Amino acid sequence: MAPLLEVRNLRTDFRTGAGVVRAVDGLSYTVERGETIAIVGESGSGKSVGALSVMRLIPNPPGRITGGEVLFAGRDLMKLPEEAMREVRGGDIGMVFQEPMTSLNPVLTIGRQITETIEQHRGADRVAADRRAVELLRLVGMADPARRLKQYPHQLSGGMRQRVMIAIALACEPKLIIADEPTTALDVTIQAQILALMQNLTRRLDVALIIITHNLGVVARYAQRVNVMYAGRIVESGTAEQIYHNPRHPYTVALLRSVPRLDRPRQARLDPVEGQPPDLTRLDEGCAFRSRCRFAVASCARSAPPLDPTEEKGHLSACFRNHELGVAMASVA
Amino acid sequence: MYRYLVKRLLLVIPTLFGAAALVFFLMRLIPGDVCLVRLGAGGATVTAQALHTCHVKLGLDKPLWLQFVLFIWGLFHFNLGISLWSGYPVSYEIATRFPITLEIAIFATVLSIMIAVPAGTISAIKQNSWTDFFVRTFAISGIAMPSFWLGIMTLIGVLNLSQYLTGREWMPPISYIPLLQHPLENLSAVFLPAITVGYQFSAVVMRMTRSAMLEVLREDYIRTARAKGLIERIIINRHALKNSMLPVVTVIGIQFAFLIGGLVVTEQVFNINGLGRLLVEAVQNEDYTLTQGIVLLVVTVFILTNLIIDIVYAWLDPRIRYA
Ligand SMILES: Nc1ncnc2c1ncn2[C@@H]1O[C@H](COP(=O)(O)OP(=O)(O)OP(=O)(O)O)[C@@H](O)[C@H]1O
Ligand SMILES: [Mg+2]
């Protein structure tokens, strides 16, 4: 059976004063039904732009989706008329954003912000929508849901607001939820609660989930598969196990070294990824990571390496030295 | 919220007192004397005797502090005193001039809200389109044109147009007829000054609406609304408009309050006997009591307008309502 979501060679540009920013530059990945995948990468690697592009929510101007396909349940979202796309947003695909403090409208009640989605997509009347909203708030673990409906966002904590966002995302029984750094703005104990809640609910309701994060620690616990993103494209893809224990791309290795890990002997120090993130207005045809890569060779400047299979099943890496570096990198990581 | 409002209402008293003191003493700093103006009107020489008699009659011979105490005492009884110039009660002088100014201010405000809020909103939604360009040009012109010039142009336009259409020149009536008595005549007198003032007013409100709306449209919760698949009309009407109205309400309030005391030029151009002209006359005549009365009225309007702004704010924004 075809995957639920297949992103193929997606490209999104921003026209700015400094030139054309190629924020998403040939992004490809797949999500199976009910599966949880992660997209990881440093700040500025195009994770958010990639997610918003799938939903066709890129502000234009300055942004523009310039190419690629997004096959969702058999349809190419890039070719849908705007009206049909609106049905997909909030109907088939829900979204949870990073900033719970600003992502809810301060002048509307929690209840209204949930029910309007239901009214929009289900044509439900006010009473039915209210009933569903109570049910949803209970589902995301909020006590006294009927009272919460009448409250405004400023009366809730960050964690509570993120629960509301999850309720909104789940409101119309979507097949997929895209969560863009859903816990980055929350404190650590709340982070774990929210992630556990999302894992729990998506499993129970059989909803696929894309967790976008720059925290590899998060990924290991919750995602079945991991896509590592760099300069607008996926550079390595595999199961969490493969990415952790047998990373094949020099960038993944660098990223792993920057995270404290409990399952390894304590390292002398944590290395942030060396060097500067690339200037996205000046990408050439070569590998975008080569200037920061200690394994770079001459061919890296000539063309960007494709995302090729490694010898492990389902494990892909976009590095010319994919095979020969396997052993070497395992020892560095 | 209610406690806040009560507190605000109680603050009105010291504010008014401060304004009263300020205007009382500032007026007396201006060199000149109402008795000199009155007695010397025809160029006659004024004898010291006559001047003294006049001072005694108007109570200006009393020590300054006593005059002030009497003025404040009067205020507590809602008694603004007698106009030093005309001899009529100040409240009567104001009552004859205030309605037309208030009416023009209200018309101008309503007119500009009706035009400016939709225009500014559309302009923001269709940023950099022809509509936006047109609205912005219209707004910039409104801000750039001095009101007396615009007023004169409007009058000349109406004269020529009526001449051309009916063969007879038509001018708006000069005397004030209350709205309820003769709606049509009243409106024809108020209409031209109201649109002249309202144009400038709406230009300011339009720019404010546009920029506030542009800012709100960049907010995260608008992105959330889009991600929910809401239709554009709901995104604008339900999610963006209420938030973008907060700064606009302030501008409208301040502009309205300003119109009450600041219509001097427009009233001059259209030959309207409003409050603005009365104030100028009162100051020129060294008419202390009348000036004090008018200034206090304007201050009161400012305070009330601010109070209304606060109430509207609370209505728009639950963060204020529940604070
Ligand atoms: N509206 C915009 N105008 C211009 N450039 C933009 C715009 N939005 C994003 N970009 C650029 O696109 C690139 C990718 O940004 P994106 O927000 O997707 O990064 P990210 O991976 O989500 O990072 P973070 O972890 O900080 O959220 C960045 O270089 C950013 O400067
Ligand atoms: Mg992001």
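Okay, here's what the table says:
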| quantity | calculated |
| --- | --- |
| Chains A and B, summed buried accessible surface - 1.4 Å probe, Å², nearest 100 | 2200 Å² |
| Protein accessible area in the range B:1-73, 1.4 Å probe - carbon and sulfur % | 73 percent |
| Residue B:95-residue B:131 FRET efficiency (beta carbon distance; Förster radius 45 Å; 0.05 resolution) | 0.50 |
| Estimated [θ] at 222 nm from DSSP helical runs (n ≥ 4, -39500 (n - 2.57)) normalised by residues in chain B, nearest 500 | -25500 deg cm²/dmol |
| Directionally averaged projected area (convex hull, Cα atoms, the protein assembly as shown), nm² | 42.4 nm² |
| Average accessible area per residue (Å²) across chain A - probe 1.4 Å, nucleic acids and ligands excluded | 43 Å² |
| Cα-based shape type of chain B, given that a ≥ b ≥ c are square roots of the gyration tensor eigenvalues and the cut on a/c is 1.5 | oblate |
| DSSP beta bridges in chain A [antiparallel fraction, %, rounded to 5] | 60 percent |
| Local electrostatic count, residue A:304, Cβ distance below 10 Å [Lys/Arg +1, Asp/Glu -1] | 0 |
| In degrees, nearest ten, helix A:126-139 long axis to first principal axis of chain A (Cα) | 50 degrees |
| Given 11 as the ceiling on other Cβ atoms within 10 Å, longest exposed-site-free region of chain A for GluC sites (Glu not before Pro) in DSSP loops | A:1-273 |
| Partner chain coverage, peptide A:93-103 - average Cβ within 10 angstrom | 3 |
| Alpha-carbon centroid distance for the pair the range B:260-323 / the range A:143-168, whole angstrom | 44 Å |
| Shape of chain A, Cα gyration tensor, a/c cut at 1.5 | prolate |
| Per-residue average of Cβ from other chains inside 10 Å of A:43-53 | 0 |
| DSSP beta bridges in the range A:140-263 [antiparallel fraction, %, rounded to 5] | 55 percent |
| Under 14 Å, Cβ to Cβ, from residue B:246 - net charge with Lys/Arg +1 and Asp/Glu -1 | -1 |
| Cα centroid of the range A:12-49 to Cα centroid of the range B:160-239, whole Å | 45 Å |
| Under 21 Å from the Cα of residue B:228 - lysines, other chains or at least 8 residues apart | A:47, A:79, A:150, A:175, B:242 |
| Peptide A:204-216, shielding by other chains (average Cβ, 10 Å cutoff) | 0 |
| Between the range A:187-201 and the range B:103-154, the alpha-carbon center distance in angstrom | 51 Å |
| Residue of B:56, B:135, B:117 that the Gaussian network model of chain B assigns the largest fluctuation, springs spanning Cα pairs under 10 Å | B:56 |
| Residue range of chain A that is longest and free of trypsin sites (Lys or Arg not before Pro) which are both DSSP loop and sparsely packed (at most 12 other C-beta within 10 Å) | A:1-149 |
| 1.4 Å probe accessible area per residue over the range B:183-323, in Å² | 38 Å² |
| Between 0 and 90°, nearest 10: helix A:188-204 axis offset from chain A longest Cα axis | 80 degrees |
| Cα-based helix-to-principal-axis angle, B:130-144 vs chain B, degrees rounded to 10 | 10 degrees |
| FRET efficiency, 1/(1 + (r/R0)^6) with R0 35 Å, evaluated for residue A:204 and residue A:276 via beta carbons | 0.20 |
| Accessible surface of the range A:44-191 [probe 1.4 Å, protein heavy atoms]: carbon and sulfur percent | 52 percent |
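The values are calculated or read from the model by the stated rules, or taken from the named source; none is laboratory data. Small disclaimer: the values here were computed from a predicted structure and weren't measured. A quick note on method: Cβ atoms are made from the backbone with ideal geometry, for glycine too, and the neighbour counts reach across all protein chains shown. The protein model used for the area step is the full one, side chains on, heavy atoms only, and it has no ligands, DNA or RNA in it. Shrake-Rupley method; radii C 1.70, N 1.55, O 1.52, S 1.80 Å.
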